[in-house]
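Only the coordinates and a few stated rules stand behind these numbers; no lab work does. From a predicted model like this one, the values you see are computed outputs, not experimental measurements. Glycine also receives a Cβ, built like all others from the backbone with ideal geometry; neighbour counts cover every protein chain displayed.
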Amino acid sequence: MSDNLNSVFGNVHLGYIVIETEKFDDWKRFGRDAIGMHVDDLAHDAMRFRLDANECRMLLRRGPAEDVIALGWQIDHHATFDEITRRVADHGVPSTKGSDDDAKLRGVERFLRFPGPNGLTQEIYTTARTAPMPLNIPSSGFVTGDGGLGHVALTTKNPYLVRGYFDHVFDARLSDYIDETINGLKLKIRFLRVNERHHSVAIASVNTLPVNPIRTRVQHVNVQMATLDDMVDSYQRVTRLGFDMALSVGQHTNDKELSYYALTPSGFEWEVGWNPIVVDESTWQPTTHQGISIWGHTPEGQTVVDKLRQFAIAARSLTHRENAVTPLAEPPIYDD
C-alpha cells in the first residue's frame, strides 16, 4: 500500500461493470422487468442498464463468456488517475487507452484498462456522462453516490494476492472477515472497501480446494435499492417472472444489509439489497463474524453451497486457472 500522502482511498468508486453474453432477451427481462433497472438498447451487440443519472452502470456486449469481464472504477481527480496509472506502469503491467467508441459505450469521456485478478479487466475513468432522459423504472430508485454502483464478490485460490492487488492499486481497506463452514469446508471471506461503502469487493477464499469451483469470474454483483418496499417489490417480480432465486431474503452479519440473491441469465448471482451500514473511518475496526447471515438467506435454487458440494465429485476434472497479476499483488502485511 502507498503512503498516506499518495493514498487514493476515498477517491475510487465502482462505476460500471461489463458483461459478455449472448442472452440479450433474457437479460432484458431480468434486468428491466425483474430487477427494475432502466434499459437502453444501443445496437445489435450492445445494451446498457442505468440505475441513476449516469449513462451506463452495466454494459452488455455480445459474446460467449456469459460472465462479467471488466470492472469500471470512477476516479475523483486527474491526479488520482495519474497516481493509479503510475502504480500500474511502475510494476511493468501493461495498460491501454480505451478507444473513443468503447468510451462512448461505457458512458465515459476516456478510460484506461489493465489486467486484474480472476481475469477481470480493470478500467479507470474520471468523468461519467449523464443521460439526457429520466429513468424509466418501477421503483423510487437505487443508491449509488459516493459509495458507487454496489459491490462484486469473487472466489479465489489466491486470497492474499487478490487482496494485495486491491490494496496496492486502490489502497483498499479491510472492513472485516466472515468465517463460514459449508458442508464441512471452512471458508474465510474478506471484505474490502475503497470508500464509505462497507465493501466494493468481497473475496471468498477457496485455497483449500484443488481448483476454484466457480466457473464465472464473479460469484455475485450487488445493487442497493432506495427503500425496503423497492427491494421487496423486486423480489416479487423476480419470482413472478420465473427467474431462479438463489437465496431468499435475509440479513448479513457484517454490513447488516437486507438482501436476496437471484440467478442471472449468465449463471452468476445478482444481489439486491437495502440499508447496509456506512463505514465511519474515525471509529471502524475490522472484526471477524461467524456465518454470513443473521437470519434468512436460505437456498431456493442452486447456490454456491450446492456448487461446493458438487465440487467434491467434479473437482479433478476442472481446469479453472486464475491469473493473480502478481506484479501488482503485493500481499498485505497483516492477514490470516
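What to note about this one:
- For Met37, residues with placed amide H under 5 Å, excluding near neighbours: Arg32
- With neighbours defined as other Cβ atoms within 10 Å of a residue's Cβ, the residues Tyr16, Tyr177 order from fewest to most as Tyr177, Tyr16.
- Cβ charges +1 (Lys, Arg) and -1 (Asp, Glu), total dipole of the chain, debye: 780 debye
- Sequence-distant residues sharing a close amide H with Tyr177 (under 5 Å, placed H): Thr287, Thr288, His289
- Overall, the stretch 4-125 carries a charge dipole of about 100 debye about its Cα centre when +1 sits on the Cβ of Lys and Arg and -1 on the Cβ of Asp and Glu, all other atoms neutral.
- Between Leu258, Leu187, Leu174, the GNM of the chain built on Cα springs shorter than 10 angstrom shows Leu187 fluctuating the most.
- Using θ = phi - 60° in the Karplus curve 6.51 cos²θ - 1.76 cosθ + 1.60, the 3J(HN,Hα) couplings for the stretch 271-287 round to 8, 10, x, 8, 6, x, 5, 9, 6, 9, 5, 6, 10, 5, 10, x, 9 Hz; x is entered for Gly and Pro.
- One way to sum up the overall shape of the stretch 86-231 is the equivalent ellipsoid from its Cα gyration tensor, whose semi-axes run 28, 23, 14 Å, largest first.
- Longest to shortest principal axis, alpha-carbon extents of the stretch 74-139, angstrom: 45, 28, 24
- Cα convex hull volume per residue for the stretch 224-277 (Å³): 71 Å³
- Placing unit charges on each Cβ (+1 for Lys and Arg, -1 for Asp and Glu) gives the stretch 145-317 a dipole about its Cα centre, and among Met231, Gly145, Ser266 the Cα reaching farthest toward its positive end belongs to Ser266.
- Cα-based Rg / Dmax (Å) for the stretch 145-317: 15.8, 48
- Stokes-Einstein D in µm²/s, Kirkwood radius over Cα pairs - the chain at 10 °C with 1.306 mPa s viscosity: 79 µm²/s
- Beta bridges per DSSP, both residues in the chain: antiparallel share near 70 percent.
- Computed log₁₀ I(q)/I(0) - Debye formula, equal Cα scatterers, no solvent, the stretch 1-73, q 0.11 Å⁻¹: -0.34
- Relative intensity, log₁₀ I(q)/I(0), of the stretch 1-125 from a Debye sum that treats every alpha carbon as a point, q = 0.23 Å⁻¹: -1.40
- The H on the amide N of Phe111, modeled in the peptide plane, is under 5 Å from the matching H of Gly98, each at least 5 residues off or on a different chain.
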